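To start, the structure under review is shown below, and the notes come after it.
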Amino acid sequence: MTFQGDGPLDTSGVSGGGGGGGGGLPGGIKLGGGAVGIIGIIVAVLFGVNPGDIMGGGGNGNNASVQGNGADPQLQEQINSCTIAKANSDVVCRVVATSNSLNKVWPTLMNGYTRPALRIFNDNQVASGCGVASKAAGPFYCPADQTVYINPSFYDELSGQLGGSNLPLAQEYVVAHEYGHHVEQLTGDLAKGQRMGAKGPTSGSVRIELKADCYAGVWANHADKGPNAMLKPLTQQDIEGVIQTAQAIGDDTLGMKNSDGWTHGSSEERVRWFTTGYQSGDPNQCDTFGTNDL
């Protein structure tokens, strides 16, 4: 249990459903699926920035052409009925509550913060402004439509096959990481990183991903404090769950021993940058572009 209190959650800007179709990549993104497929692609798109860019295409940015596709009335009803108390037992509501917390914390840390949209989907694929992505891609942020996409079934893969934690804060870290990409979009760091290359130990992709990890730590530092606190005081066990997850999804842990192919950074780097953000609570300490000692 991490959230405190009760009452309805703000579900404005949160939609439910996936489906295919919609403007996106030429021919769409065809990603692997199932237990084997997710291992094969996870080093490239897990917690990814833009599946269109990563897979060699580009989204058309036409949000209107994709957001109406694949609406799921039952899932939308579940989203709309979410409360803070439900977030402690229902994974969909946990994602929504985490977004609420992020949207409370980030305006206090960044002038000009605007909320991203959030799309939760249960289908095997989802249409986004960056293309049609399989659920095997894992959660991702699409800058073309400034939307975070999450399939809650990913958490089963994360804690089961990949060896991450199933503790609530570890799941919330996933959401916070994607919102970190949105902050990078607002500051221009996302475009800066994409110009610096997609692979390698000091590539723009790695810098973007580690900065989002750090931003997730910054959020965690503030999420249980002050008038905007939605989380109960975090425990060492909570933080250890995030660290376990960060260790499980480093490029080296996922089998990419040659750092020339890295896109997200090593396990040690992911843990270190999350910890930097969490211990400092200061977004300015997340300057992954100002050092080669990642």
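The values are calculated or read from the model by the stated rules, or taken from the named source; none is laboratory data. Computed from a prediction, not measured in an experiment: that's the story for all the values here. All Cβ positions, even for glycine, are placed from backbone atoms using ideal geometry, and neighbour counts span all protein chains on display. All accessible areas refer to the heavy atoms of the entire protein, side chains included, with ligands and DNA or RNA removed. Shrake-Rupley method; radii C 1.70, N 1.55, O 1.52, S 1.80 Å.
General remarks:
- Rg and Dmax of the stretch 102-229, Cα atoms only, in Å: 14.7, 41
- Residue ranking by accessible heavy-atom surface, 1.4 Å probe, largest first, among Glu240, Glu209 comes out as Glu240, Glu209.
- In plain terms, the bigger the Kirkwood radius, the slower the diffusion; for the stretch 144-294, with that radius from Cα pairs, at 4 °C and 1.567 mPa s, Stokes-Einstein puts D at 84 µm²/s.
- Flagged links, alpha-carbon separation over 29 Å, of Lys135/Lys257; Lys135/Lys211; Lys135/Lys232; Lys86/Lys199; Lys211/Lys257: Lys135/Lys232; Lys86/Lys199
- Under 13 Å from Lys192, Cα to Cα: aspartates and glutamates that are on another chain or at least 8 residues apart: Glu184, Glu209, Asp287
- FRET efficiency, Asp6 to Thr291 (Cβ-Cβ, R0 51 Å, nearest 0.05): 0.70
- Extension reserve of the Lys257-Thr235 stretch, reckoned as 0.36 nm per residue once the Cα distance is removed: 4.6 nm
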